[in-house]
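Please read the structure below before turning to the comments.
The values are calculated or read from the model by the stated rules, or taken from the named source; none is laboratory data. Since the model is a prediction, treat every value here as computed from it, not as a measurement. Here the Cβ positions follow ideal geometry from the backbone for every residue, glycine too, while neighbour counts run over all protein chains shown. For the accessible areas, the whole protein counts, side chains as well, though only heavy atoms, and no ligand, DNA or RNA atoms are used. Shrake-Rupley method; radii C 1.70, N 1.55, O 1.52, S 1.80 Å.
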Amino acid sequence: MLRLERVSKCFFPNTPDERRAVRELSLLVRPGEFVTIVGSNGAGKTTLLNLVSGQYFPDRGKIFINGQEITYLPAYKRAQFLGRVFQNTFQGTAASLTIEENLAIAFRKGQKKGLKIAIREPMREVFKEKLSLLGLGLERRLRDRVGLLSGGQRQALALLMATLGNPKILLLDEHTANLDPKTAQKIMKLTDELIRDSELSALMVTHNLQEALSFGDRTLMMDEGDIVLDLSGQERKNVTIEELLERFSEVRHKKFAEDRALLSS
Amino acid sequence: MIFEFLLYSVQEGLLFGILALGVFLTFRCLDFPDLTVDGSYPLGAAVFAFMAYRGVGPVAGMGAAFLAGAMAGFFTGFLHTFSRIPALLSGILTMICLYSINLRIMGRPNISLSENLGHRTVFTILRDFFPQIPEVYLRLAFLLGLVLVVKVLLDLFLRTEIGLAVRATGDNEALVEAQGINPDHTKLVGISLSNALVALSGALFAQFQGFVDINMGIGMVIAGLASVIVGEVLLRGRFIFWITFQVIVGSVVYRMATAIALNWGYVIGFQPYDLKLFTGLLVIIILSFPVVRERLRLKKVR
Ligand SMILES: Nc1ncnc2c1ncn2[C@@H]1O[C@H](COP(=O)(O)OP(=O)(O)O)[C@@H](O)[C@H]1O
Ligand SMILES: [Mg+2]
């Protein structure tokens, strides 16, 4: 379970470049809940994920995972709770290492690293088994360097690595945006399976509204650093993309009107 | 005469191969351009001499040099990971501090190690052990054996959990962090081990040459880098086993090239003090080569 309590993050505070990326945001994600997040560029979606993963610490507010406060826990210490895949297909893997070396790093996540040889034969069997689930034939290429793989293959591997260490929460930041439509679809299907099979909670940022509504259990819309729309259950089932777009412009207009009212008063 | 002279540069190449492996570990595995080398190399030699003057045997002396090098590397790593000082500056700071420290250890700018003074080295021990074998072959065999042992141990290390994490840190630090490993720790381990190897190489050279000079470290990091990239150009290995092997080959070839320049370079007016220029230009040419080739290609296309 993930809980954010009135979390704020501002970049370059008190300067002309001030960016209030996340503002007083509160959110509760239940175990096994798959949340999709949409919102325009600069809405604060990536920053929200960065706050959860510990890339940045919030200025105010608190973050909990399974009831344990992690607000200021260093990124590497909270990594055992989290898996993460990025838009850039090079970000989720180490390109100069082989497939099996990448998997070995993820395999013993959270355990103390020692002077044991990292890859042993029984482990390779597990790797092959997991890789065969991806259906890309990577199980036959354990010793190929990851830099040789295609973007889609790398992203599939990154997904596998992100979920291998049994995290509680999966963070996905437009992880299919750099792939061709067909590969994107494949990766999306794979993502859904992995999340469902391991009963993970997930936060998935996407700019594809169709994807946002057809996958997951709940859809959030973000704007100016806060959640402006939170759809789930029947309401979400019935909503169309057009309605979602409309709701979005409504929200923006309301804000615009409020701003104007504020300025003119 | 030529044969002897080649034998000598092979010995040097093997000896500095250990230093090159250290440079490879930071520059290539960790992607950390560590300039500590110019200080940790004479540190190893100074510590060895310090021990020798106090009657400590050469094996223990080399062990002490190894540890001292590790400490120097740790200090650089600490500056970088704790104080967040940029990599290059961290190395330079340690290097400059070590200059004074090395002088303190040595007591004066240069000291000699000699049998007349009762100093034993690994080479004198070997000679006493195998008096029937010519000394030059003995040295060659020993250095070859030692550098191969170091290579194999380094290969093994790079395949351990920690070693793999060190390599991954140089490739994708964010990934390492996301996989629950503290990249600061892997950097400290890698930089310490690298400088331990460099100092070991310094301790060996002190015994090989029979003296220690406070300035012996100047340019060693570039010499090490030259070995690494000469090896890369020659062999282009892809797996750890071959890559560390090519570092050693690179070191031997580089030493041969400098020996040739020193011996026959006088024809074009080459002087011993031109050696650093030679090394610098060699590294510049090899590093520039891919870029220049690409530019030329683009020009043709246009
Ligand atoms: N590291 C950073 N430094 C400065 N500003 C940042 C940084 N990260 C994000 N921002 C700013 O915060 C705001 C939200 O960005 P982001 O979270 O990346 O939005 P999104 O992912 O929704 O497009 C933007 O105005 C962006 O410029
Ligand atoms: Mg973003």
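Just a few scattered comments:
- Residue identified as within 7 Å of chain A (Cβ to nearest Cβ), open to solvent by 40 Å² or more (accessible area, probe 1.4 Å) and more than 24 Å from residue A:91 (Cβ to Cβ) among B:139, B:159: B:159
- When the residues of the stretch A:92-126 are filtered to those that are in a loop (DSSP other than H, G, I, E, B) and open to solvent by 70 Å² or more (accessible area, probe 1.4 Å), the one that is farthest from the other protein chains (Cβ to nearest Cβ) is A:120.
- Summed over the stretch A:27-48, the residues that are surrounded by 21 or more Cβ atoms within 10 Å (Cβ to Cβ) and near ligand 1 (Cβ under 10 Å from one of its atoms) give a count of 8.
- The criterion of at least 3 residues that are of a type in the set (Val, Ile, Thr) and closer than 23 Å to residue B:148 by Cα is met by the following helices (runs of 4 or more DSSP H) wholly inside the stretch B:1-113: B:2-24.
- Count - residues of the stretch A:51-90 that are closer than 27 Å to residue B:29 by Cα, within 16 Å of ligand 1 (Cβ to nearest atom), in contact (Cβ under 8 Å) with a residue 24 or more places away in the chain and not aromatic (Phe, Trp, Tyr): 6
- The residues of the stretch A:59-90 that are out of contact with any strand residue (DSSP E or B) (no Cβ under 8 Å at 6 or more places or on another chain) and facing another protein chain (nearest Cβ under 9 Å), listed by number, are A:74, A:75, A:76, A:77, A:79, A:80, A:90.
- On inspection, residue B:133 qualifies as part of a loop (DSSP other than H, G, I, E, B) and of a type in the set (Val, Ile, Thr).
- Just one of the listed residues (A:240, A:206) is polar (S, T, N, Q) and either open to solvent by 70 Å² or more (accessible area, probe 1.4 Å) or touching a residue at least 60 places away in the same chain (Cβ under 8 Å) (or both), namely A:206.
- Matching residues in the stretch A:127-136 - criterion: being open to solvent by less than 70 Å² (accessible area, probe 1.4 Å) and at pLDDT 90 or above: A:127, A:131, A:132
- Unique residue being within 11 Å of chain A (Cβ to nearest Cβ) and either surrounded by fewer than 21 Cβ atoms within 10 Å (Cβ to Cβ) or free of Cβ contacts under 8 Å to residues at least 40 places away in the same chain (or both) when the list is B:176, B:150, B:122: B:176
- Scan of the stretch A:1-21 for residues that are open to solvent by less than 60 Å² (accessible area, probe 1.4 Å) and near ligand 1 (Cβ under 9 Å from one of its atoms), ordered by number: A:9, A:10, A:11, A:21
- Filter result (within 13 Å of chain B (Cβ to nearest Cβ) and of a type in the set (Val, Ile, Thr)) within the stretch A:140-196: A:146, A:163, A:169
- When we screen B:243, B:218 for residues that are within 30 Å of residue B:101 (Cα to Cα), at pLDDT 90 or above and in contact with a Lys or Arg (Cβ under 9 Å, 6 or more places away or on another chain), the only hit is B:218.
- All positions within the stretch A:31-58 that are away from ligand 2 (no atom under 16 Å from the Cβ) and in contact with a strand residue (DSSP E or B) (Cβ under 7 Å, 6 or more places away or on another chain): A:31, A:32, A:33, A:34, A:58
- Residue B:45 being more than 30 Å from residue B:264 (Cα to Cα), touching a residue at least 12 places away in the same chain (Cβ under 8 Å) and of a type in the set (Gly, Ala, Ser): no
- Residue check, residue A:24 exposed (fewer than 15 other Cβ atoms within 10 Å of the Cβ) and within 13 Å of ligand 1 (Cβ to nearest atom): no
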